[in-house]
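See below for the structure under consideration.
The values are calculated or read from the model by the stated rules, or taken from the named source; none is laboratory data. A quick note: this is a predicted structure, and the numbers were derived from the prediction, not measured. Because the Cβ atoms are built from the backbone with ideal geometry, glycine has one as well, and the counts that use them run over all protein chains shown.
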Amino acid sequence: MGDVLNEAYNIARCKECPWYKSCLLPMRFTAEDIQKQLSSGATGTGQAPLDASMQSFLSGMAIAAQNSLLEACPVLVERLRQNPRLSQRVKQLMQNWATEESKEEDKKSG
């Protein structure tokens with residue numbers, strides 16, 4: 001009975017969620033945002049500003065992280081954490097994305 005109530009709660013929570021129908025978004029920040037944050041952080045704390053090599057290193061790290069980070073709906077994240085099979089299925093879909101698309105195109109043209 002608890003599982004049914006939890007699922008009903010998640011469905012209701014999902015429909016009221018500000019993420020509704022856009023459960024996943026890439027992180028939204030640019031190299032300029034990172035540069036502004038680095039420069040404002042160094043001047044606001046009374047610390048010496050970072051040297052150019054350190055700023056370059058931090059910017060590179062942040063840009064690399066941008067490609068691997070994702071903002072996600074809390075309901076989706078909870079479901080993925082609770083259900084390893086669902087997580088594995090999503091992973092398989094992403095890994096086979098091109099294969100799936102080519103199969104669909106073959107069905108449409110054939």
Review point. Could you count how many residues in the stretch 68-109 are basic (Lys, Arg) and under 18 Å from the mean Cα position of the chain (by Cα)?
Key: 4
Check your understanding: Say we look at the stretch 25-66 and pick out the residues that are among the hydroxyl-bearing types (Ser, Thr, Tyr), farther than 27 Å from Val77 by Cβ and surrounded by fewer than 12 Cβ atoms within 10 Å (Cβ to Cβ); which of these is modelled with the highest pLDDT?
Key -> Ser53
Practice item. Would you point out the residue of the stretch 67-110, among those that are in contact (Cβ under 8 Å) with a residue 60 or more places away in the chain and either among the charged types (D, E, K, R) or not in a helix (DSSP H, G or I) (or both), that is surrounded by the most Cβ atoms within 10 Å (Cβ to Cβ)? Key: Arg79
Exercise for review: Answer with yes or no whether Met54 is outside any strand (DSSP E or B), without any contact (Cβ under 8 Å) to a residue 60 or more places away in the chain and farther than 30 Å from Cys17 by Cβ.
Suggested key: yes
